[in-house]
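Read-outs throughout are calculated quantities, based only on the coordinates presented, and are distinct from any laboratory measurement. These figures come from a predicted structure and were not determined experimentally. Note that each Cβ is placed from the backbone with ideal geometry, even for glycine, and that neighbours are counted across all protein chains shown.
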Amino acid sequence: MTDNILSALSSIWGNKVRSFLTLLGVVIGVASVTILVSLGQGLKNDVSELIQGFGTNVIVTVAGKIDPEGGQTAQNPTNFIALDILTKKDAEDIEDLDDVSAASPLSPVVGSLRFKDNMASPVIFGSQPDVSEAFETLKIDEGRMFKADEGNVVVLGPAPKTQLFGEDADPVGKKVLLGKEEFEVVGTFKSPKNSGVFGSELNDLSMIPFNTSTKLNNGEVKILRIISKAKDDADVEEVRDEIFDMLLVNHDGEENFTVLTQDDLLGLFSQFLNLATSMVSAIASISLVVGGIGIMNIMFVTVSERTREIGIRKAVGATKGAILVQFLTEAIVVTLVGGIIGLGIAFAVGAIVAANSELSPAITLEVIALAVGISSVIGLVFGLWPAIRAARKDPIEALRYE
């Protein structure tokens, strides 16, 4: 086996240009699949860290029916972003449950904030004051949280605070414009622990009182989500079921909403990202097939060039199995070399992405094993037919070959 591997490496080195062109498809395929899988894993890690930062007792109620187990639903997908399914009564009834310590609706408000000549376009939600208790990732940094009926006041996220006032300024007590309305800054949020792609969305988050958001929305109650928190001594799953049963009554038996725990959220995001990663990886794998065809083609050429060598080996006692293993090993070694080069490119691209963005691709041992495994399988599958043809050559005819 060692002799076969050394022979394969010698053949690669002796035909550098041909070997490079042969390896190119495998290199591109392995690099593409590895990069995409590592990006998907990096996103999963980012999302998991973010959701875990919400708090273990967090329960999120969303419009539309979602099956956390991944089953099919017949719901209209527009329900998931509808603002007229969840009601203020739903939020109040959730907060009144004995095992719920805090609950707040989230009402989106469209608009930009302005201070003098500076402008910021944060994600603005109207909420109740206890949203920071329900959503543990929201912590006050400077100032305070607003009161329920305080009027035109705002708590700024880290990003809009910096955009409007600068890095080290204290904005508390200053006035900003939201559209034509003047708002007083009463506090700022701390930067979330998660600083990845999804964590940056929390940096942009700013909050105003729920009643004020309703006024800005022309008196319409628009609720995108309801964030609630189960008490520490309560069973989160039981509280979720309790919220579900209560909302089912409120909605006259129509299941046009979903109640999700932290585990449900993690499962849903994992399913989505796994599906997306699998789809794009399958597309990228086409280049591996193309590379495999190139390997098969060059192995046929190699077998043809070394026909006399095959005849000599058979004449001195080499079996069909030995010839087959020799050429099959060579095909696998060629693709493994391509896989290692592709893996090196993936590491380099991952480092560049991590250095220039908030996403950190995760090239784990599983990803490395996947790259090596794919390379081996490509070599085995596409090298098998040329190896079989080499093994079946008649030694007399092979010795006569010029």
DSSP-defined beta bridges in the stretch 86-255 - what % are antiparallel, rounded to 5: 70
Take peptides 110-121, 382-393 and line them up by average Cβ neighbours within 10 Å, highest first, as a rough protection proxy. 382-393, 110-121
Just going by the charge dipole of the stretch 86-255, with Lys and Arg at +1 and Asp and Glu at -1 on Cβ, which of Gln128, Asn203, Ala230 is farthest out on the positive end? Asn203
Please compare each pair in Lys88/Lys190; Lys175/Lys215; Lys65/Lys190; Lys161/Lys231; Lys116/Lys222 to a cut-off of 21 Å on the Cα-Cα distance and tell me which ones are over it. Lys88/Lys190; Lys65/Lys190; Lys161/Lys231; Lys116/Lys222
Take the Cα pairs of the stretch 86-255, get the Kirkwood Rh, then feed it into Stokes-Einstein at 37 °C and 0.692 mPa s and tell me D in µm²/s. 197
Under 5 Å between amide H atoms, partner at least 5 residues away or on a different chain: which partners does Asp141 have, H built in plane at 1.01 Å? Thr188, Phe189, Lys190
Per-residue ³J(HN,Hα) for the stretch 227-232, Karplus 6.51 cos²θ - 1.76 cosθ + 1.60, θ = phi - 60°, Hz, x for Gly and Pro: 9, 9, 9, 6, 5, 4
Anchor Lys314: lysines whose Cα lies under 25 Å away (excluding residues fewer than 8 positions away in-chain): Lys393
